[in-house]
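In what follows, a structure is listed as structure tokens, so that the remarks can point back to it.
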């Protein structure tokens, strides 16, 4: 069975870069009829915060990315300790005592000599007495001893990948303070959970080479990997600088539809055009990670606005009804209002503004040159009840009386009734207006 995971660290809000990994892994699992796991990578107790765990859940729920299970790394510390003991016994996990300053000095010397700044494995040459003396001063950090050979896999996006492990430092898996680091915890989890597919950013390629060896050392096979390109801003700038402003929470507060985000991320950087989709399941049906390219992918948040509008304009009342009911709008009137205004929405919450206009009325907006005309128009406004034909009858009579036509006729009347320059067709809108009709006395003075 296909089993994928999304493994965020709860050290901040999810952003569009995180969403890419979440959606890709979710879609792979759903298309194959498999399972999708949310794994909270919270081994960094100093930086992890419970409010971000809750925010991650809320964001995924808002997007409709349902999960089949949730795992927290902080609950699996015993599993990491057991795996570490196995690697120590096999000679693959070894203690080191270099300080950050020691390592920085070594790197400077290597670079000055034209050598790659790779850890020199000096700790492996320490005698038992030297180790004991160092251990009496401070705890060690622990490095994984890589087999210095090429690690090869066929990447779902990058194609054939080959990393020479001899050109990579033995990775630190456990810090001096005992904190288990990402490379190790993720390897143990993927191996023990039976993860079959992992999609993540291209910045993890070197990590993958180490993790493949770690999983083999633990007696497990590696999952299928796919490394997507990294996102940049519209001008090619580093996306990380904009990530906080483009958090999913901030985008939700801006009024963007969740399917706008998913529709954009599901195609951005692929060979397929970005099109609005109706549901996450529709995205999963045609999802193919091999359709994505390897070049950095430019993301322009301005694209979310038009996508949101297209999604709202195509949204049926059945789709909108639960959200309308949550706003206290239900029944036949809700359906009639949705039919009248949804094709003009730019954000879903604008339905509240139109409902207020229909139920309570709007302050007339009248240009000085239109005051006399609007006063006359309101004086001959047909009595209630209004129907969809009322607008045509009213404007037709005014056209015959005043000679006005086109924009000069319709815009002042729209402004008088709605306080707006544009909006839905006035015929259906007038039929829904229950607020008292404006009077000539309501026209603002100079």
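The values are calculated or read from the model by the stated rules, or taken from the named source; none is laboratory data. Note that this is a predicted model, so its numbers are computed, not measured. All Cβ positions, glycine included, derive from the backbone under ideal geometry; neighbour counts span all protein chains shown.
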If only one of 224, 200 is touching a helix residue (DSSP H, G or I) at 6+ places or on another chain (Cβ under 6 Å), under 28 Å from residue 19 (Cα atoms) and touching a residue at least 12 places away in the same chain (Cβ under 8 Å), which one is it?
200
Does any residue in segment 384-399 that is within 12 Å of residue 432 (Cα to Cα) come within less than 7 Å, Cβ to Cβ, of a residue that is assigned to a loop (DSSP other than H, G, I, E, B) six or more places away or on a different chain, and which pairs are these?
386/433; 390/382
When you go through (1) within 44 Å of the chain's Cα centre (by Cα); (2) modelled with pLDDT of 95 or more; (3) crowded, with 18+ Cβ neighbours inside 10 Å one by one for residue 428, which number turns out not to apply?
(3)
Being at pLDDT 95 or above and more than 36 Å from the chain's Cα centre (by Cα) narrows 115, 146, 124, 173 down to just 124
Sole residue being part of a helix (DSSP H, G or I) and under 28 Å from residue 246 (Cβ atoms), chosen from 309, 369
309
I'd like to know if segment 223-230 contains one or more residues that are at pLDDT below 95, outside any loop (DSSP other than H, G, I, E, B), within 19 Å of residue 14 (Cβ to Cβ) and within 22 Å of the chain's Cα centre (by Cα).
no
Mind checking which residues of segment 150-170 are within 20 Å of residue 184 (Cβ to Cβ) and more than 30 Å from the chain's Cα centre (by Cα)?
151, 163, 165, 168, 169, 170
Taking residue 377 as meeting all but one of (1) assigned to a loop (DSSP other than H, G, I, E, B); (2) more than 49 Å from the chain's Cα centre (by Cα); (3) surrounded by 19 or more Cβ atoms within 10 Å (Cβ to Cβ), write down the number of the exception.
(1)
Test each condition in (1) out of contact with any helix residue (DSSP H, G or I) (no Cβ under 8 Å at 6 or more places or on another chain); (2) in contact (Cβ under 8 Å) with a residue 40 or more places away in the chain; (3) within 30 Å of residue 441 (Cα to Cα) for residue 353 and report the one that comes out false.
(2)
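Per-residue answers, yes or no, for (1) surrounded by 19 or more Cβ atoms within 10 Å (Cβ to Cβ); (2) under 15 Å from the mean Cα position of the chain (by Cα); (3) assigned to a loop (DSSP other than H, G, I, E, B):
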{"site": "250", "(1), (2), (3)": "no, yes, no"}
{"site": "263", "(1), (2), (3)": "yes, yes, no"}
{"site": "277", "(1), (2), (3)": "yes, no, yes"}
{"site": "282", "(1), (2), (3)": "no, no, no"}
{"site": "295", "(1), (2), (3)": "no, no, yes"}
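Here is a yes/no grid of residues against (1) more than 21 Å from residue 226 (Cβ to Cβ); (2) modelled with pLDDT under 95:
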{"site": "8", "(1), (2)": "no, no"}
{"site": "13", "(1), (2)": "yes, yes"}
{"site": "16", "(1), (2)": "no, yes"}
{"site": "24", "(1), (2)": "no, no"}
{"site": "35", "(1), (2)": "no, no"}
{"site": "45", "(1), (2)": "yes, yes"}
{"site": "65", "(1), (2)": "no, no"}
State whether the residues of segment 382-394 include one that is on the phi > 0 side of the Ramachandran plot, touching a helix residue (DSSP H, G or I) at 6+ places or on another chain (Cβ under 9 Å), crowded, with 16+ Cβ neighbours inside 10 Å and not assigned by TED's automatic domain parsing to the domain that holds residue 325.
no
Could you list all residues from segment 402-419 that are without any contact (Cβ under 8 Å) to a residue 24 or more places away in the chain and farther than 14 Å from residue 438 by Cα?
403, 405, 406, 407, 408, 409, 410, 411
